[in-house]
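**Q** Mind looking over this structure? Questions follow.
The values are calculated or read from the model by the stated rules, or taken from the named source; none is laboratory data. Since the model is a prediction, treat every value here as computed from it, not as a measurement. Cβ coordinates were reconstructed from backbone atoms using ideal geometry, including for glycine residues, and neighbour counts include every protein chain displayed. All accessible areas refer to the heavy atoms of the entire protein, side chains included, with ligands and DNA or RNA removed. Shrake-Rupley method; radii C 1.70, N 1.55, O 1.52, S 1.80 Å.
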Amino acid sequence: MRKNLFCGLLLFLICRVEAGEFVLVDQHRPCAVLVLPGEKYRAVLDDFNATLKTVCGTPLKIVEKAGRTERQIRFEIRPDADPRTEDAFSIEFPEEKTMVVKCSETSMVWALNHLLERFAGVRWLFPEKCGLSYLPLSKIALPVGKISEAPSFNIGRFIERSNSAFYPKAYFKPPIELNHALTDYVFPLKKYRETGFPPEIMPVLKGAKIKEPPNRTTPRGYWQPCYSNPAAVRIAVENILEYLKEHPEKTSISLSVNDCGGFCECRNCEHANGGRKYSQSEVYYKWVNAVAEAVASRVPKLILTANAYVQTAEPPSFKLHPNVIVNRTIDLYSCTDPATMRKHKETISEWSRKAAALGVWDYSWGHGYMMPRVYFRIQAEMLQFLHSKNVRVYFGENECFDCRDGGKTYLYSKLLWNIRSDPEEILAEWYERCAGKSAAPLLRKYYERWEEIFSSPEMRRTPWFESVGSTYMNWGKISHIYALRPGDLEELRGWIEDACRLAGNAQEKERLEWLRLHFNYMEALLKMYGAEFIPPEGVLSSSGQALALLNSFSKLPEYVTRKKKFAEQLKKEPVMGFYYRSPMYSKRMKLDEDVSTPILSQFETTLDFLDSPEVAAAVAKIAEDRAFPPSVRDIADALARSGSYKNIFPEGDMEQAFEKSNFRLIPEHRRTGSGILSSDFHFSGKKSFKIIPDEYSLVRLELPADPDSRYVAAFRTFVPEDPGRATLQYGAFPALNSHNQDWYILPRKKLSAGVWQKWTLFVRTNPKSNGINFYLFFRDFAPGKAVYVDDMRVVKAGKQAELSPR
Ligand SMILES: [Zn+2]
């Protein structure tokens, strides 16, 4: 008691307290104590103290019990019980010397973050070590008065993935259940693996009722329960309640469909679905409602989620149970396209009339793209719209985020907490906090240039942008970099270099050094992939261009050295380095990628010009040049001396009827006179394969192939008359049992009349492949007009595949 009295007196002497003020720290000395609400909260208080000490040189003392006269911060913590309300907190002052934080287990951190941000000037700009922004302070105080806070997106705010210590700084909390999880606890695989699934719930697929999941290696996909069967409701409810008994802490359960389709074709399901063929929303959401109703009578607050995804993407004709949150997948970036934005807004509006609350699963990928994919204005506009339509769950699929994409994550986190805040002010604060007052406008310019590039007309012309209408943009594929015009990188370098020069204090300088390092790394990588040289469409326009590109390979060693140096520096970052050294980040950021990958990616764009003697000679030279990796030389050799390799698709000469061949025109596109061998025209022999594509025809070829190998393929096409706006897209992908293992959007090639055009490609199989799938898409032909294919050759690259050794 005496000691406490003494302490109180000492605090009183040091702390200059003004009327109506609660002082935490004065003259770098603590003026209040933190009353530990329980041992399990010590780590949270330690974390708060660590930041406080950084800012003002002292932590606050943590005590089990405070003296009556001590200035103290107490906590009243309610258990987390409902994701809808657990984020709210208030800070109150029952008397001048006592601050009470009323919070949940979850929102205790939000309250402490709030104190640090609002009254100690702290900002967490990004996960890296230098992401913490502050000014040293000697005094930290706040006015005595009630503070109440609750987030706008109250049920879910999360972007995966980064350093986990950063999530609380961004007010992210672990997401509610959103994934495909039917086989986890609704119809648990674990339970039925031994006994078999109840026969009543198994679907009719391709005309026959199945007994077990159709795909042995993926038992969680390719089938759905027979949703119209009352047993599918009863058994689901029993299993969910049983699961909750063992996991009473669970606040949400996902009812999302199994992945990859497999909807029941029985008469009852067909009837319950109102005869609709593709969309299964009627039958599925009826089941969801029935399960929700039964579960809610026992566990009234449990949240049930469903994904509006592929066959269940359309809203049903009826309203959903109020406990059901429907989650919609969307790539907010795709809303840079006005028509796509309109479409998304319409669907979300329609859903908001059917469900009490909605969620959004955003493919907000940063890395996975080779440049900062930023779209701040669209981000803000869409988040505001989504909130106005009762979206209360936001989940960003990103897999890797750090400082490279500037204020993107910061803007998300601030708007998710308070959708009424001004996006422009949030970004202005980010730039100023990051770089300091003088450098902020330059840093802003740097990111605004990236934003412009990502919404430029050039970007819209890239093959990547064709995915704008898909469930998500085609992340991980490179053609987005072809939107860069010559000089873009130099301009961007100017902005980031100038910002570096003008950065103010040590914190700001350090942050800009990391941003510049990311730029340096990106620039070297982008150049290795032919950015600024290859046109947006990914198609070169002349043999001269192809030759110039092949000659530019002489500059590669310089970029390779630079890239390697910057990659090693990135891996040393104290927080993110750990992740950069991991296989996932390394793959996404291409940190340790073999140099043959970018070379072959560029090489591929020159293949349309192999008929040019100069280009052919340059390719033959690469085959002999030991400066290139062996895999590149193997490909070059297979291209240059194709005739001396064995054709593994001998029927490609198009002379004899395909009896057992896997080369075929897709059945839906078989019009009279199309998909046949014809003697109208030929390149060699007497015949060729004739197609009358009309608007769209697809020709497919499946060939067996060895794992981890490279193949080169070539074929020729002929159109007798002016093809107008007709195009050809072709490509090949590694496959396992005929299923593609990879996919990306192929460039569109223009066709010329009266010549046998040669098209060439190569493909690499992966360690698990046993085949290759080839695709030839013919689009936008005038009705009835034909195209002919001849001389298709597929050879395996590599010395052992040659017919005779050199
Ligand atoms: Zn059925």
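**Q** If each residue of separation counts as 0.36 nm, what is the full-extension length gain between residue 676 and residue 448 once their alpha-carbon separation is subtracted? Walk me through the intermediate numbers first.
**A** Values: separation 228, 0.36 × 228 = 82.08 nm, distance 5.33 nm.
Between residue 676 and residue 448, full extension yields an extra 76.8 nm.
**Q** Then there's this: Suppose R0 equals 56 Å. What FRET efficiency, 1/(1 + (r/R0)^6) with r the Cβ-Cβ distance, do residue 298 and residue 349 give to the nearest 0.05?
**A** Details: r = 33 Å, r/R0 = 0.59.
Plugging the Cβ-Cβ distance into 1/(1 + (r/R0)^6) gives 0.95.
**Q** What list of ³J(HN,Hα) values in whole Hz, one per residue of segment 604-614 in order, does the Karplus curve 6.51 cos²θ - 1.76 cosθ + 1.60 (θ = phi - 60°) give from phi, with Gly and Pro shown as x?
**A** 4, 5, 8, 5, 5, 10, 5, 6, 6, x, 5
**Q** Karplus couplings for segment 99-113 from phi (6.51 cos²θ - 1.76 cosθ + 1.60, θ = phi - 60°), rounded to Hz, Gly and Pro as x?
**A** Coupling constants for segment 99-113: 9, 10, 9, 9, 8, 9, 4, 6, 8, 4, 5, 4, 5, 5, 4 Hz.
**Q** Please go through segment 92-168 and write out the trypsin sites (Lys or Arg not before Pro) that DSSP classes as loop and that have at most 10 other C-beta atoms within 10 Å.
**A** Passing both the DSSP loop test and the Cβ count: 146.
**Q** For segment 149-200, divide the Cα radius of gyration by the Kirkwood radius and give the resulting Rg/Rh value with two decimals. Walk me through the numbers before you get to the answer.
**A** Numbers: Rg = 17.4 Å, Rh = 14.1 Å.
Rounded to two decimals, Rg/Rh equals 1.23.
**Q** Here's something else I'd like to know. Provide, for q = 0.05, 0.10 Å⁻¹, the log10 of I(q)/I(0) from a solvent-free Debye sum over equal Cα point scatterers in the chain.
**A** The Cα Debye sum returns log10 ratios of -0.34, -1.20.
**Q** What distance in nm separates the two pseudo spin-label positions at residue 118 and residue 54, each 7 Å out from Cα along the beta-carbon direction?
**A** So the label points at residue 118 and residue 54 sit 2.1 nm apart.
**Q** Also: Could I get the Rg over Rh figure for segment 559-627? Both from C-alpha atoms, Rh via Kirkwood, rounded to two places.
**A** Working: Rg = 16.9 Å, Rh = 14.4 Å.
We get a ratio of 1.18 for segment 559-627.
**Q** DSSP loop trypsin sites (Lys or Arg not before Pro) in segment 487-583 with at most 15 other Cβ atoms within 10 Å of their Cβ, which ones?
**A** On the way: sites: 493, 501, 509, 511, 516, 527, 555, 562, 563, 564, 565, 571, 572, 581; in loops: 571, 572, 581.
Answer by residue number: 572, 581.
**Q** Can you compute the helix-only [θ] at 222 nm over the chain? Use -39500 (n - 2.57) per DSSP H run of at least 4 residues, normalise by all residues, nearest 500 deg cm²/dmol. The partial results should precede the final answer.
**A** Details: 22 runs with 265 residues, N = 806.
Calculated mean residue ellipticity at 222 nm is -10000 deg cm²/dmol.
**Q** Taking the square root of 5 times each eigenvalue of the Cα gyration tensor, what semi-axes in Å does the equivalent ellipsoid of segment 374-472 have, largest first? Before the final figure, lay out the partial values.
**A** Details: eigenvalues 103, 84, 29 Å².
Computed over segment 374-472, the values are 23, 20, 12 Å.
**Q** Mind listing P(r) for segment 71-223? All alpha-carbon pairs, 10 Å bins, whole percents.
**A** 9, 26, 22, 15, 12, 10, 5, 1
**Q** Roughly speaking, what is the stretch gain from residue 92 to residue 721, that is 0.36 nm per residue apart minus the C-alpha to C-alpha distance, in nm to one decimal? Provide the component values of the computation, followed by the final result.
**A** Numbers: separation 629, 0.36 × 629 = 226.44 nm, distance 8.12 nm.
Between residue 92 and residue 721, full extension yields an extra 218.3 nm.
**Q** Quick check for you: with a 1.4 Å probe and neighbouring chains kept, what is the accessible area per residue of the chain, in Å²?
**A** 43 Å²
**Q** Right, another one. If you take the beta carbon distance between residue 246 and residue 706 as r and set R0 to 41 Å, what does 1/(1 + (r/R0)^6) give as a FRET efficiency, to the nearest 0.05? Each step should come with its number before you reach the end.
**A** Details: r = 48 Å, r/R0 = 1.17.
The formula returns an efficiency of 0.30 here.
**Q** Principal axes first, then extents: for the Cα atoms of segment 182-421, list largest minus smallest coordinate on each axis, whole Å, largest first.
**A** 53, 38, 36
**Q** Over the Cα atoms of segment 642-801, what Rg and Dmax result, in angstrom?
**A** Gyration radius and largest Cα-Cα distance of segment 642-801: 15.2, 46 Å.
**Q** Further question on the same structure: Evaluate E = 1/(1 + (r/R0)^6) for residue 189 and residue 211, where r is the Cβ-Cβ distance and R0 equals 25 Å; express this FRET efficiency to the nearest 0.05. Before the final figure, lay out the partial values.
**A** Working: r = 15 Å, r/R0 = 0.58.
For residue 189 and residue 211, the calculated efficiency is 0.95.
**Q** Mind computing the radius of gyration and Dmax over the alpha-carbon atoms of segment 2-150? Å is fine for both.
**A** Spelled out, the Cα radius of gyration and Dmax of segment 2-150 are 15.1, 46 Å.
**Q** Roughly what percent of Cα-Cα pairs across segment 223-263 reach past 12 Å? Could the numbers behind the result be given before it?
**A** Details: 541 of 820 pairs.
Above the 12 Å cut-off, segment 223-263 has 66 percent of its Cα pairs.
**Q** In the chain, carbon and sulfur make up what percent of the accessible area (probe 1.4 Å)? Display every interim value, and only then the final one.
**A** Values: 18310 of 34800 Å².
Using a 1.4 Å probe with all protein chains present, the chain comes out at 53 percent carbon and sulfur.
**Q** For Cα pairs less than 8 Å apart in space and 6+ apart in sequence, what is the mean separation divided by the residue count of the chain, i.e. the relative contact order in percent?
**A** Details: 1593 pairs, mean separation 67.0, N = 806.
Contact order relative to length: 8 percent.
**Q** Determine the equivalent ellipsoid of segment 47-129 by diagonalising the alpha-carbon gyration tensor, then write out the semi-axes as square roots of 5 times the eigenvalues, largest first, rounded to whole Å.
**A** Values: eigenvalues 89, 84, 24 Å².
Three semi-axes, in Å: 21, 20, 11.
**Q** With a cap of 12 neighbouring Cβ atoms within 10 Å, and only residues DSSP puts in a loop, list the chymotrypsin sites (Phe, Trp or Tyr not before Pro) found in segment 552-600.
**A** none
**Q** From largest to smallest, what semi-axes in whole angstrom does segment 192-259 give when each is the square root of 5 times an eigenvalue of its alpha carbon gyration tensor?
**A** Equivalent ellipsoid semi-axes, largest first: 23, 14, 12 Å.
**Q** Grab the Cα-Cα distance for residue 47 and residue 84, subtract it from 0.36 nm times how many residues apart they are, and report the gain in nm with one decimal. Before the final figure, lay out the partial values.
**A** On the way: separation 37, 0.36 × 37 = 13.32 nm, distance 2.58 nm.
That works out to 10.7 nm of additional length.
**Q** Give me the distance between the Cα centres of segment 148-202 and segment 727-758, rounded to whole Å.
**A** 38 Å
**Q** Quick one: if you stick a label point 7 Å off each Cα along the C-beta vector at residue 437 and residue 542, how many nm between them?
**A** 5.4 nm
**Q** Distances longer than 14 Å among the Cα atoms of segment 729-777: what percent of all pairs is that?
**A** Values: 636 of 1176 pairs.
Cα-Cα pairs in segment 729-777 separated by more than 14 Å: 54 percent.
**Q** Tell me, what HN-Hα J-couplings in whole Hz come from the Karplus equation 6.51 cos²θ - 1.76 cosθ + 1.60 at θ = phi - 60° for each residue of segment 634-648, using x for Gly and Pro?
**A** 4, 4, 4, 5, 5, 6, 6, 10, 3, x, 8, 9, 7, 7, 8
**Q** Taking just the C-alpha trace of segment 204-339, give me its Rg and Dmax in Å.
**A** Over segment 204-339's Cα set, Rg and Dmax evaluate to 15.8, 48 Å.
**Q** Give the cross-link partners of residue 173 among the lysines, using a straight C-alpha distance below 20 Å as the criterion and excluding same-chain residues fewer than 8 apart.
**A** Result set, ordered by chain and number: 40, 102, 250, 301, 408, 414.
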